[in-house]
Amino acid sequence: MDRQALIGKLDIKIEDDLLETALTHSSFANEQPAAAPGGSNERLEFLGDAILELVVARLLYRRFPEAGAGELSRLRAAVVSEDALWRVADGLELGRHLRLGRGEETSGGRRTRSVVADALEAVIGAIYLSSGLREAERFVLRHLGPVIPAKAGPPLLDPKTALQEASQAAGRTVSYRTIDSSGPDHAKTFTVEVLVDGAAAGRGSGRSKKEAEQAAAREVLAGP
């Protein structure tokens, strides 16, 4: 891992050991515990998620003084969604710097949206511990600022709902089936197939069946 190149791209001040932990997937920590003294990035992800929600909630609160709690929650959910985080992480090429176990590497973990999005949240947690809330906020606003709406709009549909509504309008049926699950109980990965009129139309993976269904619906909506 070219750590200095990544730090330059992130434009942050961050302790080496915290960055290494932020980029360490649980599969790697489980397979090579001696090489991961800080453990996996799950604790940093937990911290980064809380900081991310705080920063975005504060900005939305100030930007939309007339919005109610429900509208603010909807806007925040869109900004901190897995899709939004993955796009930012993908632009930073975060996936290629991850430390993955053999199975996760083989299954394409570097391109798995949930894995890469979680790593970005872990990086935010690491920035907070290294440099404080101000630097973490600066990082979040610089990279997620462009997806924060300037004004409130109509409700945003998640991929599964969008596919369901589009299919109903076309007189078609949509269903989902789980075709695989792998990994330890605390870090399972589910693979789900979406069927349109009984025919396989897309496939997606995630840490829960719901997340995998959203990924499968997203693939169908993206088209060939």
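The values are calculated or read from the model by the stated rules, or taken from the named source; none is laboratory data. Just so you know, these numbers come straight off a predicted model, no measurement behind them. All Cβ positions, glycine included, derive from the backbone under ideal geometry; neighbour counts span all protein chains shown. Note: accessible area is taken over every heavy atom of the protein model, side chains too, but ligands, DNA and RNA are not part of it. Shrake-Rupley method; radii C 1.70, N 1.55, O 1.52, S 1.80 Å.
Here is a yes/no grid of residues against (1) among the β-branched types (Val, Ile, Thr); (2) touching a strand residue (DSSP E or B) at 6+ places or on another chain (Cβ under 6 Å); (3) over 13 Å from LEU19 (Cα atoms):
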| position | (1), (2), (3) |
| --- | --- |
| SER81 | no, no, yes |
| ALA84 | no, no, yes |
| ARG96 | no, no, yes |
| GLU104 | no, no, yes |
| ALA119 | no, no, no |
| VAL123 | yes, no, no |
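Applying the condition of being polar (S, T, N, Q) and surrounded by 14 or more Cβ atoms within 10 Å (Cβ to Cβ) to the stretch 157-196 and asking which residue is farthest from ALA29 (Cα to Cα) yields SER167. Checking each residue in the stretch 60-107 for being open to solvent by 40 Å² or more (accessible area, probe 1.4 Å), modelled with pLDDT of 90 or more and under 16 Å from LEU141 (Cβ atoms) picks out TYR61, ARG62. Contact annotation: residue pairs with Cβ atoms under 8 Å, 6 or more positions apart or on different chains, pairing a residue in the stretch 193-206 that is modelled with pLDDT under 90 with a partner that is of a type in the set (Phe, Trp, Tyr), are SER205/PHE190; GLY206/PHE190. For the stretch 111-134, the count of residues that are in contact with a Lys or Arg (Cβ under 6 Å, 6 or more places away or on another chain), modelled with pLDDT under 90 and either over 20 Å from LEU54 (Cα atoms) or open to solvent by less than 60 Å² (accessible area, probe 1.4 Å) (or both) is at least one.
The listed residues are LEU92, LEU54, LEU100, and the only one of them that is over 15 Å from the mean Cα position of the chain (by Cα) and over 21 Å from ALA187 (Cβ atoms) turns out to be LEU54. One residue stands out among those in the stretch 1-32 that are over 17 Å from GLY132 (Cα atoms), open to solvent by 80 Å² or more (accessible area, probe 1.4 Å) and in a helix (DSSP H, G or I): the one that is modelled with the highest pLDDT, which is ASN30.
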